[in-house]
Amino acid sequence: MIQDIAPKQLINHFENYSPDENSLFCVFSDKKLLLKCDPEKEEIIYPSQKEIGNNHKCIYLFSIDDQKYFLVDEDIPLPEGFSYYSMMELRKMNPHSNGNIYAAYTAYHLWHWYSTNRYCGVCGKETYYDTKERALKCSCGNTIYPRINPAVIVGVKNGNKLLLTKYNRGFGFYALIAGFTEIGETMEETVKREVKEEAGINVKNITYYKSQPWGIAQDILMGFYCEVDGDDTITVDHSELKIAEWVERENITLQPSDYSLTNEMMKMFKEGKE
């Protein structure tokens, strides 16, 4: 999955670092990230101080091993050879998961939080960076911490078949039932509700599998397998899904990249390892 970058390690505790000539920079514009892409080598390259200069408003995001990444919080001139890429464009290019694509998704999550909390929701004043923790402060005393949305990915089993879906819009490959946890729900209750809402099916024997950070939706995804309970007739919620159908184990078509928890769960079922 996208976070599987071992032996490298994401170091995400907050520090009040300043960038140097070895730092890499995450620059966003219209939800797109500034990068240089090499399709032949399937690599993405972040701008360094050499490309963008050293006089920009920055904040430290995280490190991967000793490599520090910073968010540039202002518009900059476009460096030669660099372009802006959406997260979907990056996913379609399927660059090597050497840490840089994981960095892109994680940086997007933090950028989205910073950019949507420039003003205090209590008094409306402009917020400012806290220098001691990952937080935004306001002079009124309000503190804003990063938002992480809990959500579920559900592999519904029916004997030798798995319930596969395709979304109405956006990502066009097969996926699993998914959805956000509502206030007051347990994760298991979310599983039951989402499957019932999207496919009209009751489920039982809910078993936790694995979790995954998914920065492009500000999510922490939790994967569960479960079994159909009773009638297996599918009633598709067409406001959410284009397709929902039972697919035999050997006929499952996987996604083109191995980034997602969804794809890993489909692969595990296809290989009889769930």
Being modelled with pLDDT under 95 and hydrophobic (A, V, I, L, M, F, W, C): is that true of residue 71 here? no
If a residue has to be in contact (Cβ under 8 Å) with a residue 40 or more places away in the chain and among the hydroxyl-bearing types (Ser, Thr, Tyr) to count, how many in region 191-217 make the cut? 2
Anything in region 135-157 that is under 21 Å from residue 14 (Cα atoms) and either buried (at least 19 other Cβ atoms within 10 Å of the Cβ) or free of Cβ contacts under 8 Å to residues at least 40 places away in the same chain (or both)? List them, or say none. 135, 136, 137, 138, 141, 142, 143, 144, 145, 146
Just name the residue that is modelled with the lowest pLDDT out of those in region 90-107 that are polar (S, T, N, Q) and crowded, with 20+ Cβ neighbours inside 10 Å. 100
Here the residues within region 218-274 that are surrounded by 17 or more Cβ atoms within 10 Å (Cβ to Cβ) and at positive phi are 218
I'd like to check which strands (runs of 3 or more DSSP E) are fully inside region 22-64 and have at least 3 residues that are within 19 Å of the chain's Cα centre (by Cα) and in the same structural domain as residue 93 (by TED's automatic domain parsing). 32-38, 58-64
Selection status of residue 29, at pLDDT 90 or above and over 20 Å from residue 5 (Cβ atoms): yes
So, in region 108-128, how many residues would count as being basic (Lys, Arg) and buried (at least 18 other Cβ atoms within 10 Å of the Cβ)? 0
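The values are calculated or read from the model by the stated rules, or taken from the named source; none is laboratory data. Everything numeric in this text was worked out from a predicted model, so none of it was measured. Neighbour counts run over all protein chains shown; Cβ positions are idealised from the backbone, glycine included.
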